[in-house]
Amino acid sequence: MTAQSPTLPNLPAPLPRIAILGAGPAGLMLARLLHLHGVPATLIERDAHAQDRPQGGTLDLHEDGGLRAIAAAGLGEAFARIARPEDQGDRLYDCRGELLFDAPGDAQDGRPEVDRGALRQLLLDALPAGAVQWGRAVREVMPVGGDGAGWQLLLSDGRTRLGPFDLVIGADGAWSRVRPLLSPYQPQYSGLTLLEFGIDDVDQRHPGVAALVGRGKMVVHGPGRALIAQRNGHGHVRVYAMFRVPQDWAVRRFDLADPHRTRAQLHAEFAGFAPAIRALIDAGDGPVVPRPLHALPVGHCWAPVRGLSLIGDAAHLMSPFGGEGVNAALRDAAELGCALGQALQQGRCWHEALAAAEAQMFERVIDAAAGSADAAAEQLSHDAEALMLEHMIEHQAARDRQRRQAERARASLSTASAGAALSSATSASPTLSAEPATSSTHRPPHSATVPA
């Protein structure tokens with residue numbers, strides 16, 4: 001779908017000139033919410049075009065995070081067409097290949113998977129044509145004139161400047177160009193490095209691997225290392241070899257310029273694992289990419305600076321374990337977009353609306369960031385396999401409770417509706433009604449969900 005631009009009625013003041021750095025999920029969602037309120041924004045993206053590079057693996061969206069933002073953006077039906085609710089399963093093996101835990105995915109669990117690239121395209125299609133300025137890598141965000149006069153963007157060529165803008169929002173990820181103007185903190189290495197690779201057409205070319213992975217995610221822990229595989233759409237599987245090592249270990253240990261040789265070296269690293277598990281490495285296609293995992297401090301925040309803000313990983317980068325990052329980012333974007341749009345519609349001070357939205361974001365993400373940090377600390381610990389099994393069992397129990405609550409709510413509503421119909425047919429007495437019980441889907445923050 002391509003969104004139609006609404007019009008703001010009777011604005012009491014000119015619209016602020018807004019730049020959003022980064023056309024990932026957070027930046028695109030923010031642009032969409034502003035667009036729905038009739039507020040234009042300029043999206044600046046370093047990629048040359050939407051298909052410039054692989055967008056990574058699968059994401060699971062939560063009811064109180066990504067799905068809430070999707071609904072606010074009016075994209076629920078479009079999202080349902082690209083979501084994969086059936087791919088929510090969890091499996092845990094030991095390094096001998098013994099299956100320790102298997103929870104098949106349930107389409108009713110309320111945490112549907114979606115490929116990152118498909119989500120990005122959905123959000124791009126929901127913006128006006130030309131909303132993104134592609135191939136614009138920002139080197140620096142610079143003030144214009146005196147205090148409060150605005151901001152300009154210096155591009156990577158060192159000559160081109162964009163702006164001025166009244167508001168620059170960094171949705172530009174871990175190494176944000178906006179964050180140094182707000183906070184002295186930089187992401188810190190977690191001690192964990194992933195080596196990522198893909199397997200194409202897994203069901204046809206590697207049926208044994210497809211059966212091993214199942215419909216969702218599988219994890220295999222061994223001494224000081226682990227393998228994680230995630231089913232994506234279109235018969236693709238993303239695999240992550242995880243190590244607790246110094247930050248530069250992967251580039252020293254592996255010949256990353258030669259994917260075939262790198263896979264042979266990975267095979268040696270997992271020599272003690274069952275052949276069926278190592279088949280994940282043998283089936284790999286294309287390059288092997290190192291992903292050192294970083295995070296910002298739990299509770300990261302900043303004092304308001306006129307005309308600058310951050311959302312998503314730029315504001316609260318966290319470990320991928322638990323899948324909270326993208327959900328927090330999408331909710332950041334939706335809430336900020338609504339706050340700014342409503343303030344402008346109502347003639348209120350948008351600077352105050354921005355500061356209030358930031359304060360709410362700081363508070364809201366603390367639990368998710370803390371849980372993600374705890375989960376990262378547990379990865380490849382001396383008892384990692386037992387801890388993972390415990391978390392998967394807790395997760396399944398929570399899903400079962402939520403499902404039973406939903407079933408009871410539906411049964412209660414059905415009974416009440418039937419009783420109301422009977423009562424209406426036989427008397428003029430008031431109609432009975434029942435509201436379905438509500439509950440949020442709970443997933444322990446330590447249940448590992450690996451990122452792109």
* Whose amide H sits under 5 Å from the amide H of Leu317, counting only residues 5 or more places off or on another chain, with H placed in the peptide plane? -> Leu296
* Rounded to the nearest 20 debye, dipole of the chain from Cβ charges on Lys, Arg, Asp, Glu -> 660
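Restricting attention to the stretch 283-391, which chymotrypsin sites (Phe, Trp or Tyr not before Pro) occupy a DSSP loop and are surrounded by at most 12 other Cβ atoms within 10 Å? Walk me through the intermediate numbers first.
Values: sites: Trp302, Phe321, Trp350, Phe362; in loops: Trp302, Phe321.
Passing sites in the stretch 283-391 do not exist.
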* Structure fact -> Computed ³J(HN,Hα) along the stretch 247-253: with the Karplus parameters 6.51/-1.76/1.60, θ = phi - 60°, integer Hz and x for glycine or proline, the list is 4, 9, 4, 4, 6, 7, 7
* the stretch 189-295: C-alpha gyration tensor shape, a/c 1.5 cut-off, then a/b vs b/c -> prolate
* Of [x] 23.6; [y] 31.5; [z] 21.5, which is the value of Kirkwood radius over Cα pairs in Å derived from the coordinates here? -> [x]
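Among DSSP beta bridges lying fully in the chain, give the percent that are antiparallel, nearest 5.
Numbers: 44 of 62 bridges.
Once the DSSP bridges in the chain are tallied, antiparallel ones form about 70 percent.
Percent relative contact order of the stretch 189-295, based on C-alpha pairs within less than 8 angstrom and at least six residues apart? Walk me through the numbers on the way to the answer.
Working: 180 pairs, mean separation 44.1, N = 107.
Relative contact order, the stretch 189-295: 41 percent.
With the contact rule set at Cα under 8 Å and sequence spacing of 6 or more, what percent relative contact order holds for the chain? The partial results should precede the final answer.
On the way: 902 pairs, mean separation 90.4, N = 452.
20 percent.
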* Structure fact -> Karplus ³J(HN,Hα) for the stretch 300-314 (6.51 cos²θ - 1.76 cosθ + 1.60, θ = phi - 60°; Hz, whole; x = Gly/Pro) runs 4, 7, 7, 6, x, 10, 4, x, 9, 7, 9, 9, x, 4, 4
* Sequence-distant or interchain residues sharing an amide H contact under 5 Å with Arg291, placed H: which? -> Leu194, Leu195, Glu196
* **Order of Thr262, Thr42, Thr160, Thr58 - criterion: other Cβ atoms within 10 Å of each residue's Cβ, fewest first** => Thr160, Thr42, Thr262, Thr58
* Go through the stretch 153-165 residue by residue and turn each phi into a ³J(HN,Hα) via Karplus (6.51, -1.76, 1.60, θ = phi - 60°); whole Hz please, and just put x for glycine and proline. => 10, 8, 7, 5, 6, x, 10, 6, 10, 10, x, x, 10
* Whose amide H sits under 5 Å from the amide H of Gly323, counting only residues 5 or more places off or on another chain, with H placed in the peptide plane? -> Thr449
* Return a whole-number percent for the relative contact order of the stretch 42-187, with Cα pairs under 8 Å and 6 or more residues apart as the contact set. => 23
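Readers should treat all values here as calculations from the given coordinates under stated rules, not as data from a laboratory. Given the structure is predicted, the values throughout are model-derived calculations rather than measurements. Please note: Cβ atoms are built from the backbone with ideal geometry, for glycine as well, and neighbour counts cover all protein chains shown.
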